Amino acid sequence: MSKSPANTTAEHETGHKDHGTFRTYTIGFILSIYLTLMAYYMTVHHSLSRNGLVASLAMMAVVQLAVQLLFFLHLGQENKPRWNLITFSFALLVVIVVVFGSLWIMNNLDYNMHSTKDINKYLNSQDGF
Amino acid sequence: MSSHELTLHAAEEQKNEDKALFGFWVYIMTDCVLFGTLFAVYAVLHGNTFGGPSGADLFKLPYIMIETLLLLTSSYTCGLAMLAARRGDKRATINWFVLTFLLGAAFLTMELVEFTKLAHEGHSWQASGFLSSYFTLVGTHGLHITVGLLWMFLLVVKLWRQGFVGSTVKKLSMLSMFWHFLDIIWIFIFTFVYLFGALKV
């Protein structure tokens, strides 16, 4: 954008500072690479127990989500009211409900996935589903 | 126009750009929900291998790691392209976007090679519930990448021919938001499909 006096004043009035700089992009990039390599290394070398790995890999993915939202998408650096942040929070809520809700329901349908013998026994005893 | 009118005009333009970018952000959030449902399907079905191979048998982590690094770097170069665009530096903007395009195209090629190999070995989307959900989730991401690359190609050609006109920076901002978003989705595919797959979860 050309730095004519008019533009400078307009930027000043709307207070735009959410475009990032070379420094913020580079920090975000280095952090992302570090987190990715670390997750890869820990998986390949089985650094922790299985449950430990599951927890730390999931955590590193969430940290990387935060890093990229802050450094690449500049979330939360807008002026109030923060509509971008509000819509993001709602989308996140929906995704969490969909993913964990599905897992919860499907795990409780487990009797559907037992052997044919078990299912027949269940059908006989319950007179169908 | 007087200096005051110019100021008002610039402020109005800025407002319109902000509105358009917010609208595009809302679209991206709905796309997030789409990917959320596909992740849920994969989470439910990934164990249903129908006696066939699981993720641990099929996925080659070093190959996936290279794909991930390509896409991560393309997200960074896309950010640098946007910095150049906001400075009004046409040459640097085009150079960074061309680099982003090449990295993205390399990622897509590697992904298609992987898909073709799986299908040729008899592990297509028809083989099991696990493979159906895998191809749907990762394929939908690949489709988004394809659309992003086409969009990038068109915008760069337009920039190269016309230079910066009124809405160029706005359009490039939307593209870069889309591209960063796809990188974030890939991080979750990398973690929950490939790394977790290797753990035999």
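The rows are residues; the columns are (1) in contact with an Asp or Glu (Cβ under 7 Å, 6 or more places away or on another chain); (2) assigned to a helix (DSSP H, G or I); (3) closer than 30 Å to residue B:166 by Cβ; (4) at pLDDT 95 or above.
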residue	(1), (2), (3), (4)
B:78	no, yes, yes, yes
B:91	no, yes, yes, yes
B:94	no, yes, yes, yes
B:115	no, yes, no, yes
B:122	no, no, no, no
B:131	no, yes, no, yes
B:134	no, yes, no, yes
B:139	no, yes, no, yes
B:144	no, yes, yes, yes
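Keeping to the range A:36-92, report how many residues are in contact (Cβ under 8 Å) with a residue 60 or more places away in the chain and facing another protein chain (nearest Cβ under 10 Å). I'd like the intermediate steps shown before the answer.
First, the residues of the range A:36-92 that are in contact (Cβ under 8 Å) with a residue 60 or more places away in the chain: A:77-79.
Add one more test, that the residue is facing another protein chain (nearest Cβ under 10 Å), and what stays is A:78-79.
Of the residues in the range A:36-92, 2 are in contact (Cβ under 8 Å) with a residue 60 or more places away in the chain and facing another protein chain (nearest Cβ under 10 Å).
Only one of (1) without any contact (Cβ under 8 Å) to a residue 60 or more places away in the chain; (2) not in a helix (DSSP H, G or I) is not met by residue B:53, so which one is it?
Residue B:53 satisfies every listed condition except (1).
Taking the options B:170, B:158, name whichever one is more than 8 Å from every other protein chain (Cβ to nearest Cβ) and touching a residue at least 60 places away in the same chain (Cβ under 8 Å).
From the options B:170, B:158, the qualifying one is B:170.
Name the single residue, out of those in the range B:46-101 being open to solvent by 40 Å² or more (accessible area, probe 1.4 Å) and among the acidic types (Asp, Glu), that is nearest to the other protein chains (Cβ to nearest Cβ).
So, considering only residues that are open to solvent by 40 Å² or more (accessible area, probe 1.4 Å) and among the acidic types (Asp, Glu), the one nearest to the other protein chains (Cβ to nearest Cβ) is B:89.
Among the residues of the range B:53-65, is there at least one that is at pLDDT 95 or above and either closer than 20 Å to residue A:67 by Cα or touching a strand residue (DSSP E or B) at 6+ places or on another chain (Cβ under 7 Å) (or both)?
Looking for residues that are at pLDDT 95 or above and either closer than 20 Å to residue A:67 by Cα or touching a strand residue (DSSP E or B) at 6+ places or on another chain (Cβ under 7 Å) (or both), one finds at least one in the range B:53-65, hence yes.
Those residues that are of a type in the set (Gly, Ala, Ser) and at pLDDT 50 or above, I need them from the range A:1-44; list them, please.
A:20, A:28, A:32, A:39
Can you tell which of B:130, B:115 is of a type outside the set (A, V, I, L, M) and within 14 Å of another protein chain (Cβ to nearest Cβ)?
Exactly one residue qualifies, and that residue is B:130.
Conditions: (1) facing another protein chain (nearest Cβ under 9 Å); (2) under 19 Å from residue B:174 (Cα atoms); (3) open to solvent by 60 Å² or more (accessible area, probe 1.4 Å). Residue B:25 meets all but one. Number of the miss?
(3)
Residue B:109: open to solvent by 20 Å² or more (accessible area, probe 1.4 Å), free of Cβ contacts under 8 Å to residues at least 12 places away in the same chain, away from chain A (no Cβ under 14 Å) and not in a loop (DSSP other than H, G, I, E, B), yes or no?
yes
Looking at the range B:166-185, is at least one residue open to solvent by 20 Å² or more (accessible area, probe 1.4 Å), β-branched (Val, Ile, Thr), in contact with a helix residue (DSSP H, G or I) (Cβ under 8 Å, 6 or more places away or on another chain) and not in a helix (DSSP H, G or I)?
no
Within the range B:15-26, identify whether any single residue is touching a Gly at 6+ places or on another chain (Cβ under 9 Å) and more than 26 Å from residue A:58 (Cα to Cα), and answer yes or no.
Looking for residues that are touching a Gly at 6+ places or on another chain (Cβ under 9 Å) and more than 26 Å from residue A:58 (Cα to Cα), one finds none in the range B:15-26, hence no.
Of the residues B:150, B:131, only one is at negative phi and open to solvent by 20 Å² or more (accessible area, probe 1.4 Å); which?
Answer to the selection: B:150.
Among residues belonging to the range A:37-53 that are crowded, with 16+ Cβ neighbours inside 10 Å and out of contact with any helix residue (DSSP H, G or I) (no Cβ under 6 Å at 6 or more places or on another chain), point out the one that is farthest from residue B:73 (Cα to Cα).
Within the range A:37-53, the subset crowded, with 16+ Cβ neighbours inside 10 Å is A:39-40, A:42-43, A:53.
Going one step further and asking which of them are out of contact with any helix residue (DSSP H, G or I) (no Cβ under 6 Å at 6 or more places or on another chain), we end up with A:42, A:53.
Details: A:42: 21, A:53: 26 Å.
Selected residue: A:53.
The values are calculated or read from the model by the stated rules, or taken from the named source; none is laboratory data. All values reported here derive from a predicted model rather than from experimental measurement. Quick reminder, even Gly has a Cβ in these numbers, built from the backbone with ideal geometry, and neighbours come from all protein chains shown. Accessible surface areas use protein heavy atoms only, side chains included; no ligands, DNA or RNA. Shrake-Rupley method; radii C 1.70, N 1.55, O 1.52, S 1.80 Å.
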